[in-house]
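A short write-up of the structure that comes next.
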Amino acid sequence: MHVTMIGTGYVGLVSGACFADFGNQVICVDKDAGKIDQLRQGKSPIFEPLLEALIARNVEGGRLSFSTEAGPAIRSADAVFIAVGTPSRRGDGFADLSFVYDAAREIAAELDGFTVIATKSTVPVGTGDEVDAIVRQLRPEGEFAVVSNPEFLREGAAIEDFKHPDRVVVGTEDERARRLMAELYRPLYINETPVLFTSRRTAELIKYAANAFLATKITFINEMAELCEKVGGNVQEVARGMGLDRRIGSKFLHAGPGFGGSCFPKDASALATIGQRHGAPMRIVETVIGVNNSRKAAMVQKIITACDGSVRGKRLAVLGLAFKPNTDDMREAPSLSILPVLAAEGAQICAYDPAATAEAHRLLPEITTAADPYACVDGADAVIILTEWDQFRALDLDRVKSALRKPLLVDLRNVYRPEEMAARGFTYVSIGRPDCKPA
Ligand SMILES: NC(=O)c1ccc[n+]([C@@H]2O[C@H](COP(=O)([O-])OP(=O)(O)OC[C@H]3O[C@@H](n4cnc5c(N)ncnc54)[C@H](O)[C@@H]3O)[C@@H](O)[C@H]2O)c1
């Protein structure tokens, strides 16, 4: 099958490379010429484990190519996927759909023969109807079907998620489109992946419902962590005790500094606005957004308190800047709301992140960066773990301790065990667990 991706970002590039790996002919289109140049030189513009090798294999096999020219790619396609960004709109928090509608107009201009137009971007309910109307208006005789095919991959595990998803959701009432989408995802049947066919509107809703629910789960355990701190409980044990209940499940019950990333904040905000607009307020989601925002602010205070009430003139070593491990993505990362406030409070911040340093230079001009964790902690008054990269789980703690001016570790991801840190001579402050002083 001939597949075209409009938008070659985290979702478009991974989906395109995986569809090519399934044996399809795929063209990934992006209007960012720099991105396409890099890809043509065999380099991935994003950090995503195993992606560069997957791209190389499929380019070599003649199944995957990259272009800034949407026209020929659309004309040759059986299915065109819209995988452009849908960021939060300034002001009202609704999804900015301008990129989606621009893509729809470009597709309309080039349609040639029956084509499925599948929206992979996360879009508010009713967007498919609007895309349909835009294309229909420009091509009254055009043969096409607009389908919702929301994407659930996680950055950092994107290829695994795309190839072994928990489910695929396809929203369409068009029989031809349904057959084509079923054929495209046929390689997944081997793993018995459930493919859920729904109406277009229902598919659009599933994506927001899933993300808002996950954001709620995280926010719930974060509030439990706060209560644990007040009453002397241990949130990790609370989470385990809850999570072993199969009705609840253990995933997304890790307390931390508040959720960030390219999806949860903007999708929660969009869903809240959708609810308002349709007279069905999403009160739980609205609360989750408020609690999460105050959570990030509370993390600043937690760090200041750990530093004896002031960070002025102190050197803070920050480990991790990306919103989660195994990605360079810093969109809405907790580091972006926490570090500028600490810097404004007079802290000198040096950070290390295995993948996000380049992005951090752009987004956090007030901090410096180091080339490795040990250079980062050298001479610091405290270490703060902000992202739980694997390499921070196995630090040489004696080396860290001797490089620090004071052995203080603020662990916002609960990577270490409090007793162990105390035994190693650290003052250790974590989330939802009692603080520890050196033994
Ligand atoms: N990142 C994730 O983990 C993830 C997971 C599931 C769903 N989503 C959703 O997928 C969508 C895309 O997210 P992303 O993270 O891949 O975004 P991204 O910003 O990484 O990529 C979007 C790309 O689209 C390109 N683009 C925009 N308009 C274009 C046009 N008219 N023609 C060609 N290219 C165009 C941009 O240049 C950019 O490279 C969003 O709606 C997001 O909510 C993202």
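Values quoted throughout were computed directly from the atomic coordinates according to the rules given, and no laboratory measurement underlies them. Model, not experiment: these values are computed from the prediction. Methodologically, a virtual Cβ is constructed for each residue, glycine included, from the backbone with ideal geometry; neighbour enumeration extends over all protein chains shown.
What the table shows:
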quantity	calculated
Full-extension gain in nm, Ser199 to Asp112, via 0.36 nm per residue minus C-alpha separation	28.8 nm
Listed peptides 354-361, 68-75, 31-38 by packing density, highest first (mean Cβ within 10 Å)	354-361, 68-75, 31-38
On Cα atoms only, tilt of 200-231 relative to the major axis of the chain in degrees	10
Net charge dipole size for the chain [Lys, Arg +1 and Asp, Glu -1 on Cβ; Debye, nearest 20]	980
Lysines with Cα under 16 Å of Lys207, excluding same-chain neighbours fewer than 8 positions away	Lys120, Lys217, Lys266
The chain - mean residue ellipticity at 222 nm from DSSP helices (-39,500 (n - 2.57) per run, n ≥ 4, rounded to 500)	-13500 deg cm²/dmol
Alpha-carbon centroid distance for the pair the stretch 249-315 / the stretch 356-378, whole angstrom	24
Gained length - Ala56 relative to Lys406, 0.36 nm times residue gap less alpha-carbon distance	121.3 nm
Cα gyration tensor shape of the stretch 284-337, rounded if a/c is under 1.5, else prolate or oblate by comparing a/b with b/c	oblate
Label-point separation, Glu160 to Arg176 (7 Å along Cα→Cβ), nm	4.0
Pair Tyr189, Leu397: separation of 7 Å Cα→Cβ label points (nm)	5.3
Computed label-point distance, nm, for sites Asp96 and Glu345 using a 7 Å Cα→Cβ extension	3.1
Antiparallel %, DSSP beta bridges [both residues in the chain], to 5	5
Stretch gain in nm, segment Glu237-Glu419, where the contour uses 0.36 nm per residue and the Cα spacing is subtracted	64.1 nm
Cα-based convex hull, the chain, per residue volume (Å³, whole number)	149
Mean-position separation - Cα centroids, the stretch 389-405 and the stretch 70-132, in angstrom	47
Other-chain or far-sequence residues with amide H under 5 Å of Val168's (modelled H)	Val195, Leu196
3J(HN,Hα) from dihedral phi, the stretch 357-369, Karplus parametrisation 6.51/-1.76/1.60, rounded to Hz, x for glycine, proline	4, 4, 5, 5, 4, 6, 8, 10, x, 7, 10, 9, 10
Cα gyration tensor shape of the stretch 2-198, rounded if a/c is under 1.5, else prolate or oblate by comparing a/b with b/c	rounded
Cα centroid separation, the stretch 175-233 to the stretch 325-346 (Å)	27
